[in-house]
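Student: Below are the structure tokens for one structure; questions will follow.
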Amino acid sequence: MEKYKMTLEKHRLNTKKYELNKFENSKNEESLKKNLSKWSSNIKKSFELIETNNNYFLNYDRTKLGNFIKNNRSNICRESILDVEQVKELKNAIKPSRKSDINSNDLDSFRLEEIEALFAELEKVLSSSIFSARIERLVQNIDINHWIQEGLAIRASHQNDACEFCGQTIPPHRINELNNHFNEEYSKLSKQLNNLEAKFANLNLQMNKKIPEQIAFYDDLHPEFILAKENFLISQIACMALTNNAITGLDEKVANPFLANTIRFLDTQILFQSFNQHLEIIIGTISKHNNKNKDFEEEIKKAQDALELHFVCHTVFSENYFSIETNIKNQRADLEKLNSEITESKSTIDALESILINEAVGADDFNKKLSKFIGRNDISIQFNKDLKGYNLIRDGHSQSATNLSEGEKTAIAFVYFVSKLKESGNKIENTIILVDDPISSFDSTHLFCSFSFLKQECEKALQLFIFTHNFQYFKLVRDWLIKKNERKRLTDGTIQENLKSHFYSIDSTSEINRTSIIKNANTTLLNFNSEYHFIFFKLYSLKDLKSLDLEKAFLAANFSRKLLEAFLTFKFPKGRNDFSQLLQAGCPDNLTREKVYRFINKYSHNQEIEFHDSPIDNLLGEGDNIVSDILSIISTLDNKHYSEMVEVCSNCVL
């Protein structure tokens, strides 16, 4: 019956939820369609501004945008969104204007090893010295040296021994002196210098590369070309400055072959390598230009695709498209799930309705268990065919039972819970059961009934978890379950345990972010049968602390009252009207009695929160002394009892 009601209610709620979700989903889908139309229109306008002649973009619409997102989902990412310069380059690239190829045949780079060899030869020649029968006047006067060298050549060509100035015959020994001055080594050096001058002049010519003009390139290549050309010109100027220095050194050596110059050209490789690198970049830009000509239509298509991806990605992420799409997909999935549940629940309702007409779904069994549980049969359930459910009645009347006590409500709920465990052929021995405090609001009679019912119905469970705050109920459960643990002494003297039951306690912290932990039950709960032992143990554990924090101080106040009330009531059985009289009988010392009474009465039972007399400070300041005073009262009145309780505590660990 309960299943029928739950299924019927679930069916009603799901049907209502389905209609609401369907309306919301339709609204979101329509909104997305409108946004796709708006976004595709913006993309279309972007391509119109570029002056493209591609009809695909000139007629860009919602369908094309949706298909692009669907077919390129793996490429749609934030990395595909381009910066301003990249977009500018692509816009220039797709403009439909074809340019001519650019010739790069004359843009050859230098062979660095040849350059290094040339400068090494230069350094060697500039630093060389000519060892000959030098005429110092000619060495010191280079202009006379050149005049004499040229005059000797003219004299030889005219085969004249007379001086053309004075007409006198030049003495043979003077001719020998001059020939020795201009010996073979001198002539060889002169030829080397002339040869190097020609090589460096040619090197300067080769560095004057004819770089294409910017206008010859496609617009999208302009930024790349401009930067490459600027860097090339810088390296070209540096290299030409180097060669000019070399030529200057040559000129000085030619002017005075006897001058030994140890000049070093250290940056040769770096400068010419930079020259080559920037020249190669220009050549690479030319190749891009020529390749674009070669595959002109394909290159334009690539640029158009990249721009479309950029525009779509920018739209998708700025408008949170994927979040909207995911929300709609989740709504569709929920609708399908709800529709499936509605169909399934309708079938279940039809099946249950056919069953409910002819059965009372275990009403008799429930009534027997309830009667056994509460010890009487005045409360029962009765099947109502019209309502297809049950009425709860009292004393056999058809009227519904009213004014149920909390204990009766708990009993009914507990029996119903156990009865539900056995529905649909479910077996207790295959079931994990958790029972949370099944004796709330019960008196002592019902407490035993609850325990007996639980034991009878759930003992064979696969696993059984029982939670309780009631110590008496805990003792009943403990004594029942602890017997299931087996201990056997083996022949070697060791103990073999087969533990089928375990006992735990749940402790919570007093921190702002409160937490709880499950730990093994302390031995006071397992070994003793009274709350008195536990309270004594907890209070005794506080006596040696130098100071008490706020939580322990409040615990000390409450534990102290309960412990003293139990001990003094037993110790002084003659009638005492209140706790004050009990304390007066048990503690003759006025100062100790007043301090204990004020502490316990004020902080364990005070019903008001005080704002002016700082009670918490007093509590913390007195808490550590009060514990010792409480235990001292018990020790003074019954030292033997106190000693045995201390011994019990010594054997127990939390």
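Student: Any residue at all in region 224-236 that is modelled with pLDDT under 85, under 57 Å from the mean Cα position of the chain (by Cα) and surrounded by fewer than 18 Cβ atoms within 10 Å (Cβ to Cβ)?
Tutor: No; the residues of region 224-236 include none that is modelled with pLDDT under 85, under 57 Å from the mean Cα position of the chain (by Cα) and surrounded by fewer than 18 Cβ atoms within 10 Å (Cβ to Cβ).
Student: Separate question: Give region 240-274 a look and list any residue that's aromatic (Phe, Trp, Tyr) and either surrounded by fewer than 20 Cβ atoms within 10 Å (Cβ to Cβ) or at pLDDT below 80 (or both), or say none.
Tutor: 258, 265, listed by residue number.
Student: List pairs: first in region 97-111 and at pLDDT 80 or above, second assigned to a loop (DSSP other than H, G, I, E, B) and of a type outside the set (Val, Ile, Thr), Cβ under 7 Å, 6+ apart or cross-chain?
Tutor: 102/212; 107/209
Student: Looking at this structure, is residue 626 surrounded by 14 or more Cβ atoms within 10 Å (Cβ to Cβ), modelled with pLDDT under 90 and assigned by TED's automatic domain parsing to the domain that holds residue 534?
Tutor: It is true that residue 626 is surrounded by 14 or more Cβ atoms within 10 Å (Cβ to Cβ), modelled with pLDDT under 90 and assigned by TED's automatic domain parsing to the domain that holds residue 534.
Rundown of residues vs (1) assigned to a helix (DSSP H, G or I); (2) within 16 Å of residue 125 (Cβ to Cβ); (3) not assigned by TED's automatic domain parsing to the domain that holds residue 89, yes/no style:
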site: 192; (1), (2), (3): yes, yes, yes
site: 197; (1), (2), (3): yes, yes, yes
site: 211; (1), (2), (3): no, no, yes
site: 265; (1), (2), (3): no, yes, yes
site: 269; (1), (2), (3): yes, no, yes
site: 274; (1), (2), (3): yes, no, yes
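Student: Of the conditions (1) farther than 26 Å from residue 427 by Cβ; (2) of a type outside the set (A, V, I, L, M); (3) exposed (fewer than 12 other Cβ atoms within 10 Å of the Cβ), residue 483 clears all except one; give me its number.
Tutor: Here residue 483 clears every test but (1).
Student: Go through region 533-580 and give me each residue that's in a helix (DSSP H, G or I) and among the aromatic types (Phe, Trp, Tyr).
Tutor: Result: 534, 536, 537, 540, 554, 559, 567, 570, 579.
Student: Here's something else I'd like to know. Picking from 36, 32, which residue would you name as being among the aliphatic types (A, V, I, L, M) and touching an Asp or Glu at 6+ places or on another chain (Cβ under 8 Å)?
Tutor: 32
Student: Next question, about the same structure. Quick one: is residue 52 outside any helix (DSSP H, G or I), among the β-branched types (Val, Ile, Thr) and either over 17 Å from residue 320 (Cβ atoms) or at pLDDT below 90 (or both)?
Tutor: Spelling it out, residue 52 is indeed outside any helix (DSSP H, G or I), among the β-branched types (Val, Ile, Thr) and either over 17 Å from residue 320 (Cβ atoms) or at pLDDT below 90 (or both).
Student: Pick out, from region 294-394, the helices (runs of 4 or more DSSP H) lying fully within it that include 1 or more residues that are over 30 Å from residue 221 (Cβ atoms) and modelled with pLDDT under 80.
Tutor: Once the helices (runs of 4 or more DSSP H) in region 294-394 are filtered for at least 1 residues that are over 30 Å from residue 221 (Cβ atoms) and modelled with pLDDT under 80, what remains is 321-356, 363-374.
The values are calculated or read from the model by the stated rules, or taken from the named source; none is laboratory data. As the structure is a computational prediction, the values presented were derived from the model and not from experiment. Note: ideal-geometry Cβ built from the backbone for every residue, glycine included; neighbour counts use all protein chains shown.
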